[in-house]
Structure formats: structure tokens, C-alpha cells
1. Put +1 on the Cβ of each Lys and Arg and -1 on the Cβ of each Asp and Glu in the stretch 175-287; which of Ser259, His233, Pro188 then has its Cα farthest toward the positive end of the dipole?
2. Note down the magnitude of the dipole of the stretch 251-396 about its Cα centre, charges +1 on Lys and Arg C-beta and -1 on Asp and Glu C-beta and zero elsewhere, to the nearest 20 debye.
3. Taking 0.36 nm per intervening residue step and subtracting the Cα-Cα distance, what contour gain separates Arg37 from Tyr459 on full extension?
4. Choose one of Leu607, Asn587, Gln513: the residue whose Cα lies farthest towards the positive end of the charge dipole of the stretch 496-610 (beta-carbon charges +1 Lys, Arg; -1 Asp, Glu; about the Cα centre).
5. Using mean Cβ contacts within 10 Å as the protection proxy, how do 355-363, 512-520 order, highest first?
6. Probe radius 1.4 Å, ligands and nucleic acids ignored: give me the carbon and sulfur share of the accessible area of the stretch 209-356 as a rounded percent.
7. Residue by residue through the stretch 449-458, which ³J(HN,Hα) values in whole Hz follow from phi under the Karplus form 6.51 cos²θ - 1.76 cosθ + 1.60 (θ = phi - 60°), with glycine and proline marked x?
8. How big is the dipole moment of the stretch 123-225 about its Cα centre under a simple scheme where the beta carbon of each Lys and Arg is +1, that of each Asp and Glu is -1, and everything else is neutral? Debye, nearest 20, please.
Amino acid sequence: MPGLSLIAVPKPDTSNLDTVMRDMKHGNHIQVNTLYRDDTVMILFSGYGKYPVWSSKHEGIIIAMEGMIYDAPESLVQEKIEKIAHDFKAGMDVTDLIRDFINNSDGDFLVVIYSKESRSVLLFNDKYGRLPCLYYEDDSRLIVSREPTFLLNYVPSLEIDRLGLAEFFTWEFTLGSRTLFKNIHRLPESHAIIGSVFSGENRVKVWHHTILSLQFDTKTKDQGRHYYLERAHELYMHALQNRYTVCGNRGLILTCDVSGGCDTRSVLIGLESIGADVNYYTHDLITGNESNVAKNITDAYGKKLNIVSTSHEIDYDEMAGLLYRTGCMVNGITTLVCWRDEQKRREMVGGSSACFMGFAGERLRAFVLPHIGHKTAYSMFCRHLLRNRMSPQSASILAGIPYEMYDNEAKKHFGEYRETTIDGHIRHFFYELVRNYADQGENRARNFYWTIPPHANIYLCDFEINELPLKYLSVEFFVDFIKMFGTKGLEIPLYKKGTRLNSKTSVKIADLQKKTRFAVKNAIMNNDWSQNIFYKLKAGRQKSHEFEKLAEKLMKFHDGLTIMKPYFQNENLGNYLAGASDISGINRVISVLLFFRELEKRHPGKLVVN
């Protein structure tokens, strides 16, 4: 996806640079440029007009920053980064400077600094890792990129991580820094990497630094519900106003998503409360057309609603190409139809734009999971209570690994959570869900416009994970939060659910229904007998005609593989199909098979099968 890419290696091979840049050009509006190149490092940028990036070359220092910081003037931001760069060039420890910068910068950013004299590169990201980034390192090279295809072209070999497959099948995302590849990793949040190139020895030395360690236990005593509503309102509105001002000053066309749910409604009502001049858009989604509800909301404010509607026809060849471009971070159906929607929206807007969206709003209303009787995330994992899309046992069989291996890795991962309470563990897992899954959809959209979810501002996130007790989170809390800056539009029922947000009774019923679902699921999953019955009933569910058609396609795609075919044994696929009936699960498997097909087509000489 758009952004910065870097490779540090003695005498980088640029013979296939044209191919690499062509792979990174996701549309005629995208330009791929070389910001800097010498015999040690190459820095590229891919993006479109007004995409937020700046770079400088001065006194043997190259600086590039992607992204925006909303609570400080650009001149001050650049001054602070230049201070870090000059101290880094002088060989000083810049950890404290970076920590101060990260901890006091509300925005989404990635910074790259290169010192020609020392042949060393420094890069770091924002506190919550808002711009997904991948990296690869070995003794002879360091590769870091916001663009999956850049790494796929430059890493010397590609080996699938079967644990990553199991996690993807279980949750539709991978945990921590894991990806689907053993040697490609996700850059953690608040993280810095230093790489020094020793040309004479043909090697690269890499150091990793965790600048800030996030901790998700509530650290303050309960201040009461009204205090938390006031504080959330204050932090949210301050961030919303800053983002509106900064993006407007950059000359971006300002737009806002509207759907039939809660989160985008909070953004629209917030924007209207500050008198914002924005254009409203909604999408005819493959999951359902919410445009009628969205139009009722914008009509309440007398505003025009633009409806984005594209084909929902599934073209598997097109899907395979997009899965390759996006690194198979999300299932292929979502990737395909959302890419079309975002492309169409850019055409309708007619220029470089910023989109206000509702992502991360759930942290004020739904940051909870069924967890009665559990003290750790690992305990919940064992009982299939962590938002499972597929049981870990089924996922491990499908990925071709023993369940014990998957279980041990999960125990290790969740055992590294630093929180001491179950509430802290739940917050931490939800943070991973948002960062490793939801953020991928936002990142894909950045190929067409800059995204602005005001709920994801640094100070509100800090407040939500360290101050706000989980017991307050509910639809009722979220509605009362919205009412602090506006009520118009709350009378319009939520899409499909019919909940009227201006009715206390309707909202309380919605919360009660959710608590009841959680209690039932908790009771079922915490008992071996009832859990077994649940899965037997699920396996015995009548398979739809659509499922049967997808099962045929799945086997066809598997049979078409050559190098990557051993990753899925026919017996394992057959057992999975015999016991499954879930459309979303089979679509995830098809997504991986299509991704494998593209890897075979584009990088056959790099593939290593374990």
C-alpha cells in the first residue's frame, strides 16, 4: 500500500527495480519515486498527489516521514525529527528523544532517517502502530516497507509459517508480529529499528528497540460514569477539530463515511457540531445495503448523501491479484469488493481526499468478551472465547500442524501479556484485533484516500486502555457519549437491529441482548459436554448450495497448485469440508489458496516448502 519502502544492503541489486515499482503502482493515480539511493540504501515512496509525506537531504542526512501529526505545527514536527536525525548521525543515544516524540504526537506516522557517514538507518513508528508496516532482516540486508509487494520482490526466499495459517483461519488475522511468512514480520507499535551496513564485510547489523511498552490494565481508581463521559467527550472533540483543521489546511477534499451503525454516526454528529464542511458518502456493501438508513441520517441534517455502488460479482482472478498486492491480510471477498468501492469513491470525489470514518468506535461500547470464570486470555483461547471464526483444533489440522504446537505458541504469546487482570487481557486482545485486522482495511483504503478515524487518536486510546473501566462500556455509554455533542439523527434505528438510540428502553434492550448472548456462549464453551454438542450441531448443519459450490472451487484451486500444494493435504481439506458449513471459513481457505497461486506465478524460484 502507499508509503515508504527501504532496503539497506551492501550494493543493492536494482536490476529488477522497474518490476518492483510496477508492482507497487496500484492504479494510474499512484506514482512510485526513488527518494534516495546509493551503494548502501534505497528509499522509495509510492503515493498520489497530496498524500502526506515529506523528505529532506541535508549535511549527509536523509529524512523521510510518512503520515500526519495533528496536534503540532509541521515546522515543529520537522524540527524535532531533525534534532533526532542530527543526534543519531553524531552517534548519540536518541531513545529518549524518540520516546518523547512518540508519546506526545497525536497522529499516524513512520519516520526513516539515514546517515551517509555511518551508513546507518533509523526508523520508528507512532505509539499505536497506525500505519501497518512489514520488515525482513538477515545478516546481509534489512528491508522495511509499507508495501507487501516490495518485500515479496526483495526477500531472498519465501517460506509459509503454518502457525500463521492456523491463526489466520482462527481469527482472520495473525497475532503479534507474525504474518503468513516465517521470515516477514509486522512492525510492532512504538518500535524503532537501527540498521548499520558494513560494506567491507558484506553484512548488516540490526538492533530493535521497544520505545514504549503498552500496558492495558486500568491504572486509576474508578472516577464514576459521568467523569468518563466528560473525559471521552473532551478528548474526542479536541482530536476531531484538530484533524478537520489540519486536513483542510493541506487542501484535501474532506469526506465522511455514513453507515447504518453507531460509530460513523458519532463521527457525523461530531463534525456537524463543529460546523464542518464535508461531503458524505455511503457504500452499497456486499454484506448489506445500509444506504437507506444512512440517507435518513444525512437528511436529518439537510445534507446530500453520495452512494457508492459497484459490482459484487466475484472474479477470482481479480481477487487473486488483489490478495497478492495486499499480502493476504484479510479474506479475499472483503479485499475484492472493498477495493472496487474505494476505487469508485475516489473517482466520484474527483481528487485527493481525506475520509473521516468510524473505526475504533467500538472501544467505547463493545470492548468486552464472554469471560466469566477466566483470568487470562490463554484460558479464554482454550475455551474458544476469543472471537473465534474457526476452532483452534480445526485450524491446526487445516494448517497441517499438531494442535499441541498451536496451543504451546498461544500459551507463549498470551503469557507475554503484561496485564494482571482479565479486563487487561481482554483489552490487549482487542487491541491486537483492531491493529492486525481492522487496520488492514483502513490501510487498503489509503491507496485511494487518506483515512481519519477520530476515535483512534492517541489520547483517547490512552484513556480507553488505562483509565476507563470495562464495566462502563455499553451501547448506552456510547449513546450518552454522542449526546454530549448532538442528538439529531439518533432517532433513526440502527441497520437491521432496529435499535433507536434516542430511546433509553431500546438501548437498554440492545445491551441486555448482548449480555445474554455472552452469558449463553460463556456457559456453552466452559463445559466440555455442551461445547462438543455445539460443534456437532454446527458440523451437522445443512450445507447451503453456495457452500457446496465454494467447496468445488476450493478443491479446484488446490488441485491447480504445484509448488505450494503440500501445504494442504487432500485428507485435511476433505475432513474440513465434511465438518464445515460456514461460508466465511471456506472463503478464508480459498483466499490463502489464491494467494499461493499468485506466489507460484510471480516468485516460483523463491518459494520454500516446509
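1. Value computed over the given set: Pro188.
2. Details: 15 positive and 15 negative charges, 132 e Å.
Dipole of the stretch 251-396, to the nearest 20 debye: 640 debye.
3. Working: separation 422, 0.36 × 422 = 151.92 nm, distance 3.72 nm.
Here the answer is 148.2 nm.
4. Gln513
5. Numbers: 355-363: 23.2, 512-520: 12.4.
Most protected by this proxy first, the peptides run 355-363, 512-520.
6. Values: 2640 of 5800 Å².
In the stretch 209-356, the share of accessible area belonging to carbon and sulfur is 46 percent.
7. My calculation for the stretch 449-458 gives 7, 6, 9, 9, x, x, 5, 8, 5, 4 Hz in order.
8. On the way: 13 positive and 13 negative charges, 65 e Å.
With only Lys, Arg, Asp and Glu charged at Cβ, the dipole is about 320 debye.
The values are calculated or read from the model by the stated rules, or taken from the named source; none is laboratory data. What you see is a predicted model; the values in this text were computed from it and never measured. Neighbour counts run over all protein chains shown; Cβ positions are idealised from the backbone, glycine included. Note: areas computed on protein heavy atoms with side chains; ligands, DNA, RNA excluded. Shrake-Rupley method; radii C 1.70, N 1.55, O 1.52, S 1.80 Å.
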